Amino acid sequence: MTEPVTGLVLAAGSSRRLGQPKQLLPFGSATLLDATLDVVRRSPFAQRLVTIGGAAPEVRERVDLSGIEVVDSVHFTDGCSSSIVSALATVDEASTGIVMLLGDQPGVDIGVIETLIAAATSSPLAVCRYTDGIGHPFWFGREVFGDLAQLHGDKGIWKLIESGTYPVLEIPIDAMIPLDVDTWNDYERLLASVGQEAEQRS
């Protein structure tokens with residue numbers, strides 16, 4: 001990688017469907033968000049951001065945020081688009097674009113991130129085409145930032161991708177979409193996928 005890229009982790013959700021902060025769910029030796037941030041630290045980003053909102057005080061206390069710039073998403077209840085809008089002002093002026101990741105999706109392979117960056121930095125938009133569909137991480141070039149700043153709601157990103165406003169590069173990935181966590185069943189599936197025993201509800 002020759003051009004600077006920002007990695008942005010969205011972790012500001014209020015976990016309504018789960019009923020407790022999914023960022024803090026036990027995973028490996030730490031938390032779910034810790035695992036995702038560890039992937040980001042080991043990826044070739046010039047800048048690393050994470051948005052927090054739901055359970056923000058607990059996240060600051062329990063999650064290792066070293067090496068990560070924290071963005072407070074004060075309107076996080078309005079959906080993930082508000083977190084993206086909040087983060088844009090913190091993106092380094094030298095960054096050619098953003099690689100967006102989900103804080104509850106620790107199974108994204110670093111090789112996938114590297115492949116996305118290598119293929120997408122000359123494109124305005126890029127997504128990963130896994131064997132079972134389109135999934136994160138996504139790429140947003142700087143020319144898209146103006147439209148990102150106008151997003152609203154949970155589906156704003158998908159509406160932008162599907163709008164036809166920009167060509168969307170699809171990066172083929174020979175794997176299934178990494179598991180993310182919205183419900184307790186999702187969490188148990190994720191634990192089972194990495195050979196961990198399901199934790200008890202706290």
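All of the numbers you see were taken from the coordinates with simple rules; none came from a lab. It should be emphasised that the depicted structure is a prediction, and the values quoted were computed from it without experimental measurement.
Grab the Cα-Cα distance for SER29 and ALA192, subtract it from 0.36 nm times how many residues apart they are, and report the gain in nm with one decimal. Spell out each step's value before the answer.
Values: separation 163, 0.36 × 163 = 58.68 nm, distance 1.53 nm.
Fully extending the segment from SER29 to ALA192 adds 57.1 nm.
The helix-based estimate of mean residue ellipticity at 222 nm for the chain, built from -39,500 (n - 2.57) per DSSP H run of four or more residues and divided by its residue count, is -8000 deg cm²/dmol to the nearest 500. Size descriptors for the chain (Cα atoms only): Rg and Dmax, in that order, 15.9, 46 Å. Rounded to the nearest Hz, the phi-derived 3J(HN,Hα) couplings of the range 110-123 under the Karplus curve 6.51 cos²θ - 1.76 cosθ + 1.60 (θ = phi - 60°) are 4, x, 5, 4, 5, 5, 4, 4, 4, 8, 9, 5, 9, 10, where x marks glycine and proline.
Note on the range 3-79 and the range 146-166: Cα centroid distance 22 Å, given to the nearest whole angstrom. Mean projected area of the Cα convex hull of the range 108-202, taken over all directions, amounts to 7.7 nm².
Treat the range 100-158 as a sphere of radius equal to its Kirkwood radius over Cα pairs and apply Stokes-Einstein at 4 °C in a medium of 1.567 mPa s; give the translational diffusion coefficient in µm²/s, rounded to a whole number.
Working: Rh = 12.4 Å.
For these conditions, the coefficient is 104 µm²/s.
For the range 14-94, the square roots a ≥ b ≥ c of the C-alpha gyration tensor eigenvalues yield an a/c of 1.5 or more together with a/b not exceeding b/c, which makes the shape oblate.
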